[in-house]
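Enquirer: Next up is a structure, given as structure tokens.
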Amino acid sequence: MSEIIGIAAVAVNGVIGADNDIPWRIPADWQRFKALTMGNVLIMGRKTYDSIGRPLPGRTTFVITRDRMWRGGGVHAMPSLDEAFEQALLLAPEIVFVAGGGEIYRAAWNRLTRLEITEVDRAPVGEVRFPTIDPGEWIETGRESYDGYRFVSYRRRSQREPAF
């Protein structure tokens, strides 16, 4: 069974995107994203893919789009999240990363087993937000703090684990 991991950089106000872009530049966040996702499967929405602007080398990428005519070179266009997961899991990867945007995170939320979050100490204006990480649902398993941001890992709490 594959792990399904949500990966995102999230501002203190929950914003993850503004005007089809990330409202900050943190090189260490991109380095971590690359290190974690390299060799794995990525699922993302078309707007997220368009904001990146190119296929990410070393990763099999499924892009969810309602536009049946859309074609991205080097990626697999999928009409739904369910079909993207179905096709991704046929590859039998150990890990599938869900990489945004907001609509895709919300739709995939109940399937996620882990989260890899960069908490950004900024509160930009933006229209795309990450779902709230409920401590009753998620357990923090790791934290690395830096000036202006933190890398935080979570795993989904099992139904048998009490939330204190």
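The values are calculated or read from the model by the stated rules, or taken from the named source; none is laboratory data. These numbers were taken from a predicted model, which means no experiment stands behind them. Cβ coordinates were reconstructed from backbone atoms using ideal geometry, including for glycine residues, and neighbour counts include every protein chain displayed.
Enquirer: Quick check, is Ala9 touching a strand residue (DSSP E or B) at 6+ places or on another chain (Cβ under 7 Å), part of a strand (DSSP E or B) and more than 27 Å from Arg150 (Cβ to Cβ)? Even if it seems obvious, please write down each step before you answer.
Expert: Details: touching a strand residue (DSSP E or B) at 6+ places or on another chain (Cβ under 7 Å): yes; part of a strand (DSSP E or B): yes; more than 27 Å from Arg150 (Cβ to Cβ): no.
Criteria not met by Ala9.
Enquirer: How many residues are closer than 19 Å to Ala8 by Cβ, touching a Lys or Arg at 6+ places or on another chain (Cβ under 8 Å) and not in a helix (DSSP H, G or I) if we restrict to the stretch 64-96?
Expert: 1
Enquirer: Ok, one more. Leu36 fails exactly one of the following numbered conditions: (1) of a type outside the set (S, T, N, Q); (2) under 22 Å from Val96 (Cα atoms); (3) not in a helix (DSSP H, G or I). What is the number of that condition?
Expert: Here Leu36 clears every test but (3).
Enquirer: On to the next question. Could you list all residues from the stretch 57-76 that are hydrophobic (A, V, I, L, M, F, W, C) and surrounded by fewer than 18 Cβ atoms within 10 Å (Cβ to Cβ)? Lay out the reasoning, then the answer.
Expert: Start the filter on the stretch 57-76 by keeping residues that are hydrophobic (A, V, I, L, M, F, W, C), which leaves 62-64, 69-70, 75.
Result: Met69, Trp70.
Enquirer: Here's a follow-up. Identify all residues within the stretch 123-142 that are surrounded by 15 or more Cβ atoms within 10 Å (Cβ to Cβ), in a loop (DSSP other than H, G, I, E, B) and in contact (Cβ under 8 Å) with a residue 60 or more places away in the chain; write none if there are none.
Expert: Pro124, Gly126, Phe130
Enquirer: I've got another one for you. Report yes if Val98 is under 23 Å from Glu140 (Cα atoms) and either hydroxyl-bearing (Ser, Thr, Tyr) or loosely packed, with under 15 Cβ neighbours inside 10 Å (or both), otherwise no. I'd like the intermediate steps shown before the answer.
Expert: Numbers: under 23 Å from Glu140 (Cα atoms): yes; either hydroxyl-bearing (Ser, Thr, Tyr) or loosely packed, with under 15 Cβ neighbours inside 10 Å (or both): no.
The answer is no for Val98.
Enquirer: Turning to a different aspect of this structure: Just checking, how many residues over the stretch 1-56 are surrounded by fewer than 17 Cβ atoms within 10 Å (Cβ to Cβ), at pLDDT 95 or above and of a type in the set (S, T, N, Q)?
Expert: 2
Enquirer: Something else now. Scan Arg122, Arg111, Arg143, Arg59 and give me the residue that is among the charged types (D, E, K, R), touching a Ser or Thr at 6+ places or on another chain (Cβ under 6 Å) and either more than 22 Å from Ala35 (Cα to Cα) or modelled with pLDDT of 95 or more (or both). Write out each step before concluding.
Expert: Numbers: Arg122 fails: touching a Ser or Thr at 6+ places or on another chain (Cβ under 6 Å); Arg111 fails: touching a Ser or Thr at 6+ places or on another chain (Cβ under 6 Å); Arg143 fails: touching a Ser or Thr at 6+ places or on another chain (Cβ under 6 Å).
The conditions single out Arg59.
Enquirer: Just checking, which of Tyr105, Tyr49 is under 16 Å from Glu127 (Cα atoms) and in a helix (DSSP H, G or I)?
Expert: One residue alone meets the criteria, Tyr105.
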